[in-house]
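Chemist: Provided herewith is a single structure, encoded as structure tokens, for subsequent inquiry.
The values are calculated or read from the model by the stated rules, or taken from the named source; none is laboratory data. These numbers come from a predicted model, not from an experiment. When we count neighbours, we look across all protein chains shown, and the Cβ atoms used for this are built from the backbone with ideal geometry, even at glycine.
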Amino acid sequence: MLADLRAHCAEIDRCNQRGGRMLSMVDLLDAGTFTAELAAYSLAAIGQGASFMVGALPGGAGKTTVMGALLNFVPAGVSLVPADGMAAIESGLRASRPRCCFVCHEIGAGPYYAYLWNGVLRRFFELPGNGHMLATNLHADTYQQAVAQVCGQNRVPVPHFQRMNMLYFLTVEGGGRHASRRVTEVWESDGDTEHRRVFPNPEGRSTLCGSRLVTPEAFRKARGAIAALSAAGVRSIEQVRAHVLATS
């Protein structure tokens, strides 16, 4: 169990591009990046195997930080696997069990570790068909920009894109040390239908609307879990992961 915890957090740390410790969901709640409601929704959805993507156009917006914090919510027993090339992806396509969460550090054409583009990216998006989860981020501020990049430039089929169950979009306000980062939109698909915006709701209120992934009972339970997490006095990704596993 301890070895699994260390391996899980080491894989999250591998995403770190800027030094320092990776921030946890507790940090992001304190910073206002997530509301307790959004954190509960995320815990409930990702905790039952939902794939997710984090988008923001500017560099340094916090995409990788948010992705890392959300990776702490994957179900127990699901290993994080870097999608660092075709060999790793093909291995996942050959074996559906045990289920893994394949992590693409960024959708991009650069020659960097676990960056995916074109044909390799298309194969990445086939992994949920074999029972696996996906996690990634990309330079896009809106759902429309994400679709244009993934399905347009990279020709990922729309049915495969719909298996990316949740798309989070970040906004950065201010600059330098005083910049604030917030999740301002979330789009959701049950894997078989077109994405639709679930946050903010159609009236523009900062509440969730009609999730197809998370039942009211699952959301209620997750709200309690997030409240307990916030009150537990934990902070690091290791402490948060241990708490999530102990209370799930």
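Chemist: Being in contact with a Lys or Arg (Cβ under 9 Å, 6 or more places away or on another chain) and farther than 19 Å from Ser248 by Cα: is that true of Leu28 here?
Modeler: yes
Chemist: To continue, here is another question. Tell me the residue from Val183, Val214, Val147, Val156 that is of a type in the set (A, V, I, L, M), in contact (Cβ under 8 Å) with a residue 24 or more places away in the chain and not in a loop (DSSP other than H, G, I, E, B), please.
Modeler: Going through Val183, Val214, Val147, Val156 in turn, just one is of a type in the set (A, V, I, L, M), in contact (Cβ under 8 Å) with a residue 24 or more places away in the chain and not in a loop (DSSP other than H, G, I, E, B): Val183.
Chemist: Also, I was wondering about something else. Determine if the range 222-237 includes at least one residue that is of a type in the set (S, T, N, Q), at pLDDT 95 or above, assigned to a loop (DSSP other than H, G, I, E, B) and more than 29 Å from Asn118 (Cα to Cα).
Modeler: yes
Chemist: May I pose another question? Looking for whichever is more than 26 Å from Ala227 (Cα to Cα) and crowded, with 22+ Cβ neighbours inside 10 Å here; the options are Val81, Val54, Val103, Val26. Which one fits?
Modeler: Within the list Val81, Val54, Val103, Val26, the selection yields Val103.
Chemist: Can you go through Glu203, Glu194 and tell me which one is modelled with pLDDT under 95, part of a loop (DSSP other than H, G, I, E, B) and either touching a Cys at 6+ places or on another chain (Cβ under 7 Å) or not hydrophobic (A, V, I, L, M, F, W, C) (or both)?
Modeler: Going through Glu203, Glu194 in turn, the sole match is Glu203.
Chemist: Here are Ala39, Ala61: which of them is modelled with pLDDT of 95 or more and buried (at least 16 other Cβ atoms within 10 Å of the Cβ)?
Modeler: One residue alone meets the criteria, Ala39.
Chemist: Pairs please, first residue from the range 28-53 and over 17 Å from Cys100 (Cα atoms), second anywhere and surrounded by 22 or more Cβ atoms within 10 Å (Cβ to Cβ) and hydroxyl-bearing (Ser, Thr, Tyr), Cβ atoms under 7 Å, 6+ apart in sequence or on different chains.
Modeler: Close Cβ pairs (under 7 Å, with a partner that is surrounded by 22 or more Cβ atoms within 10 Å (Cβ to Cβ) and hydroxyl-bearing (Ser, Thr, Tyr)) do not exist here.
Chemist: Here's something else I'd like to know. Can you tell me which of (1) at pLDDT 95 or above; (2) closer than 22 Å to Val66 by Cβ is the one Pro159 doesn't meet?
Modeler: Among (1) at pLDDT 95 or above; (2) closer than 22 Å to Val66 by Cβ, Pro159 violates only (2).
Yes/no per residue for (1) surrounded by 17 or more Cβ atoms within 10 Å (Cβ to Cβ); (2) on the phi > 0 side of the Ramachandran plot; (3) charged (D, E, K, R); (4) in contact with a His (Cβ under 9 Å, 6 or more places away or on another chain):
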{"position": "Tyr113", "(1), (2), (3), (4)": "no, no, no, yes"}
{"position": "Tyr143", "(1), (2), (3), (4)": "yes, no, no, yes"}
{"position": "Gln153", "(1), (2), (3), (4)": "no, no, no, no"}
{"position": "Phe161", "(1), (2), (3), (4)": "yes, no, no, yes"}
{"position": "Tyr168", "(1), (2), (3), (4)": "yes, no, no, no"}
{"position": "Glu188", "(1), (2), (3), (4)": "yes, no, yes, yes"}
{"position": "Gly204", "(1), (2), (3), (4)": "no, yes, no, no"}
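Chemist: Scan the range 185-220 for residues that are among the hydroxyl-bearing types (Ser, Thr, Tyr) and farther than 22 Å from Leu134 by Cβ and jot them down.
Modeler: Within the range 185-220, Ser206, Thr207, Thr215 meet the criteria.
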